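Read through the structure below, which is laid out as structure tokens, and then see the notes.
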Amino acid sequence: KNEVEQSPQNLTAQEGEFITINCSYSVGISALHWLQQHPGGGIVSLFMLSSGKKKHGRLIATINIQEKHSSLHITASHPRDSAVYICAVTSLSGSARQLTFGSGTQLTVLP
Amino acid sequence: DTEVTQTPKHLVMGMTNKKSLKCEQHMGHRAMYWYKQKAKKPPELMFVYSYEKLSINESVPSRFSPECPNSSLLNLHLHALQPEDSALYLCASSQEAGTGHFFGPGTRLTVT
């Protein structure tokens, strides 16, 4: 079992729809990250969370530490939101505490 | 300046070539990372530098040689690569090892 699991793997939505991507993890963490990657492109860090909820524009990220679960919500989705969304955690174990990545969610928003 | 820059954006090299990838940040971050990403896969950690010292080498073959000349620069020297090394190479930095990452745009490497 991977330490970080994302669902769904693929998601297709119509423009304007509310989108939720889920992330579950099995290790103790110091932070959880939501990342965005457009096709052929580099990675943009959207959020870093250790508790509660953060909002940036149409994006909202929540985390429940007790349940080891986080969600990324996109309100009023737009075709430019089409990208791979990656959940990653900084675990408490290990000396350098690097990121452990989920397998990503491919989001396609149709006009 | 809140970005990580990488050069070149694209690189095509033969198996006998020697080339280098470069990464730069001016955010005062003390940890820098090299990741390798194959298509439709998450990034895989290669190396971590913390305070200009190599702190993690994830069993990367010696044909990849990292170098951190100073706190702002990170290089990845490439020699005698194989076609399966073709991938997107991502550099990242963070305030300290394990904190929030800033990623560069990556170098798309093709080995022929």
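For the cross-link pairs A:55/B:22; B:18/B:53; A:53/B:53; B:18/B:38; B:19/B:40; B:18/B:41, which exceed 28 Å when the distance is taken from alpha carbon to alpha carbon?
Details: A:55/B:22 34 Å; B:18/B:53 23 Å; A:53/B:53 35 Å; B:18/B:38 21 Å; B:19/B:40 25 Å; B:18/B:41 26 Å.
With Cα atoms farther than 28 Å apart: A:55/B:22; A:53/B:53.
What ranking, highest mean first, results for peptides B:61-74, A:98-111 when packing means the other Cβ atoms within 10 Å averaged over each residue?
On the way: B:61-74: 15.0, A:98-111: 18.8.
Descending packing order for the listed peptides: A:98-111, B:61-74.
Work out, step by step, the length gained on full extension between residue A:78 and residue A:30: first 0.36 nm times the residue separation, then minus their alpha carbon distance; give nm to one decimal. Intermediate values should be presented prior to the final figure.
Numbers: separation 48, 0.36 × 48 = 17.28 nm, distance 3.18 nm.
Residue separation times 0.36 nm, minus the Cα-Cα distance, leaves 14.1 nm.
Can you list the lysines whose alpha carbon sits under 19 Å from that of residue A:54, skipping same-chain ones fewer than 8 residues off?
Counting by Cα, and skipping residues close in sequence, residue A:54 has these lysines nearby: A:68.
Would you kindly enumerate the cysteines in chain B that have no other Cys beta-carbon under 4.7 Å from their beta-carbon?
Within chain B, the cysteines lacking a partner Cβ under 4.7 Å are B:68.
How much space per residue, in cubic angstrom, does the convex hull of the C-alpha atoms of the protein assembly as shown take up? Please report the intermediate quantities before stating the final value.
Numbers: hull volume 27.5 nm³, N = 223.
Hull volume normalised by residue count: 123 Å³.
Using R₀ = 41 Å, calculate the FRET efficiency as 1/(1 + (r/R₀)^6) where r is the Cβ-Cβ separation of residue A:12 and residue B:58; round to 0.05.
Values: r = 34 Å, r/R0 = 0.84.
So, using R0 = 41 Å, E works out to roughly 0.75.
7 Å from Cα along Cα→Cβ at both residue A:53 and residue A:69: what's the point-to-point distance in nm?
1.6 nm
Hey, with R₀ at 45 Å, roughly what FRET efficiency would residue A:92 and residue B:112 work out to, going by the Cβ-Cβ distance, to 0.05?
Details: r = 43 Å, r/R0 = 0.95.
For R0 = 45 Å, the calculated efficiency reads 0.55.
May I ask you to give the solvent-accessible area per residue for segment B:13-59, in square angstrom, as obtained with a 1.4 angstrom probe? Walk me through the numbers before you get to the answer.
On the way: 2560 Å² over 47 residues.
Value for segment B:13-59: 55 Å² per residue.
The values are calculated or read from the model by the stated rules, or taken from the named source; none is laboratory data. Since we're looking at a predicted model, the values are computed, not measured. Note that each Cβ is placed from the backbone with ideal geometry, even for glycine, and that neighbours are counted across all protein chains shown. Ligands, DNA and RNA are excluded from the accessible area calculation, which covers all protein heavy atoms including side chains. Shrake-Rupley method; radii C 1.70, N 1.55, O 1.52, S 1.80 Å.
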